[in-house]
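Beneath this line is the structure, given in structure tokens, with notes to follow.
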DNA sequence: TCTCGGACTTGTACCTAGCACT
DNA sequence: AGTGCTAGGTACAAGTCCGAGA
């Protein structure tokens, strides 16, 4: 069974994930420790430190000890001089009502508060926490005046920013202390960083896109809501004074330390480990190994779905066309979702007739499918894609006699699709195609774009371009940064300044050369050398700036982070860095290096995805 | 086979520390 | 020293996929 193909021992052996083997002494599994160790043994990965764990099926850990979540600070009532007005009259609110009012007041200059659904949901939930008296009096949102509340928080924020250095230092120390106390756990004798150790503070729910629940009240999480997960023999975290946990359990088949149910969607929220942890890293590695196995069978799978386009079974045809989209366009699976509970977004299997347009001929191309739909996070997917004739014909067939709001693949669900994929390859699901296509694209693009004799800056531009190709494929967009135009202009100014500088120095160099010809003395010679060096330096600086500008322009609406963090096998990057002598820090920042520590230790320059 | 809860990954928006500038 | 500005974190929403139970 694939699931258990990688024992912890193998993994540790491979990446040398380890800590110093002094019993009873904790050590963190940090990059630093890694780097030195990896350097020492260079290429050979030796298992040490971590005991060879014999985990049974599905068991994730043996010992887990932590401090529980850090709770949001209690509500601080407004000072008396900050007033809420109803219908023009000042009104003192009960503490609970006031707290919810501040949630709205804080957001006053956010676009959310102008939306009808937001206002409606907020007002409804707000009225629920009001006292009978308040409830009776406060009947219309438009008669509520939160402006003093709003101003109070704006001022407070500014005051905080203007704090003297020492005060800021003090605050920083305090957050560090909290991080220290709650931010780590002990897992099988090793200290691991926790990802999110704080409960989410109360506030107003901000959905993405056109979310029907936007503005609803997100309730304060109390210890009584929280389930603690830790090992039996370890010390159970202490709940805050006067409180109890909802439950303390010991389930070592899951990776979370604490959980609670959130009141908006009724879904569960978890406290889990940081991506740098062994648990997460191992999972990440596995993910890419599955994608690499897809590489071996992808040709076969492609051949098969092409055959299936002509199947007599409608279900099979739909499955084959959907899979083609998932493979070619890196679409998400598209699970069905509850209508009215979330924003109306779709993925491949949930596409509706209204989301595509068929053009037999468009811009000189045949059989073009025009996609236009909102995907995850209500990000628009818009693409015009020429497709195979069979696909085109099938789509026309699928759309026959259907309303725009009908499902395109009415015989298909993600479960059906994934079951099929599972039969084709152990561990294969729809999302694996995204991982596979992203990683393979990076590798191809890097091969194509990088040239040996480029300098580091140019190589990094190539890397970013390869990364960009992937982001484009995965439709990882971002809003044009607000300051884009301005910062672009700044950069352009810098460039022209450099150019002027360069022209100047060229002139000077020429002069120096003439001088040398005339005088032929040591001093003139030195002068020429000096100017030459200066010229080279400026040329390099100019080139760097120009690269920066190109990069910036090409990147303005594309987000690289998501693919880098979630889709690109880090070993490809590590291998590329090693091969072309690019320092890894130029491509991965500290966090990324921590997350990908396993890959950094594992991959040689000849790693092939 | 259908539904739903649960666990875990993926994704963008927002915030801010700290850097490069003047 | 003050002032932008942005990279890089944090927060948390929104997906995917699995398996249990009716």
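Within 16 Å of DNA strand C (Cβ to nearest atom), outside any helix (DSSP H, G or I), free of Cβ contacts under 8 Å to residues at least 12 places away in the same chain and assigned by TED's automatic domain parsing to the domain that holds residue A:71: does that describe residue A:171? Taking the combined requirement at face value, the residue does not satisfy it.
Yes/no per residue for (1) within 13 Å of DNA strand B (Cβ to nearest atom); (2) within 30 Å of residue A:559 (Cα to Cα); (3) assigned by TED's automatic domain parsing to the domain that holds residue A:565; (4) at pLDDT 90 or above:
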| residue | (1), (2), (3), (4) |
| --- | --- |
| A:400 | no, no, no, yes |
| A:403 | no, no, no, yes |
| A:418 | yes, yes, no, yes |
| A:422 | no, no, no, yes |
| A:440 | no, yes, no, yes |
| A:455 | no, yes, yes, no |
| A:462 | no, yes, yes, no |
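Residues that are within 16 Å of DNA strand C (Cβ to nearest atom), farther than 23 Å from residue A:557 by Cβ, out of contact with any helix residue (DSSP H, G or I) (no Cβ under 9 Å at 6 or more places or on another chain) and part of a loop (DSSP other than H, G, I, E, B) within the stretch A:332-388 comprise A:337, A:338, A:339, A:340, A:341, A:342, listed in sequence order.
Of all the criteria given as (1) touching a helix residue (DSSP H, G or I) at 6+ places or on another chain (Cβ under 7 Å); (2) surrounded by fewer than 20 Cβ atoms within 10 Å (Cβ to Cβ); (3) in a helix (DSSP H, G or I), the one not satisfied by residue A:594 is (2).
In the stretch A:64-152, counting only helices (runs of 4 or more DSSP H) that sit wholly within it, the ones holding 2 or more residues that are in contact with a strand residue (DSSP E or B) (Cβ under 7 Å, 6 or more places away or on another chain), within 16 Å of DNA strand C (Cβ to nearest atom) and modelled with pLDDT of 90 or more span A:95-106, A:116-129. A residue that is within 16 Å of DNA strand C (Cβ to nearest atom) and part of a loop (DSSP other than H, G, I, E, B) occurs somewhere in the stretch A:243-251.
State whether one or more residues within the stretch A:301-318 are within 12 Å of DNA strand C (Cβ to nearest atom) and surrounded by 13 or more Cβ atoms within 10 Å (Cβ to Cβ). Break it down stepwise before answering.
So the first thing to find is which residues in the stretch A:301-318 are within 12 Å of DNA strand C (Cβ to nearest atom), and the list is none.
Within the stretch A:301-318, none of the residues are within 12 Å of DNA strand C (Cβ to nearest atom) and surrounded by 13 or more Cβ atoms within 10 Å (Cβ to Cβ).
Pairs meeting the criteria (first residue in the stretch A:255-281 and under 22 Å from residue A:207 (Cβ atoms) and in a loop (DSSP other than H, G, I, E, B), second residue within 10 Å of DNA strand B (Cβ to nearest atom) and at pLDDT 90 or above, beta carbons under 6 Å, at least 6 apart or on different chains) are A:262/A:269.
Among the residues in the stretch A:196-214, are any on the phi < 0 side of the Ramachandran plot, away from DNA strand C (no atom under 14 Å from the Cβ) and crowded, with 19+ Cβ neighbours inside 10 Å? No - not one qualifying residue is present in the stretch A:196-214.
The values are calculated or read from the model by the stated rules, or taken from the named source; none is laboratory data. Please read all numbers here as calculations on a predicted model, not as lab measurements. Ideal geometry is used to build each Cβ from the backbone, glycine not excepted, and the neighbour counts take in all protein chains shown.
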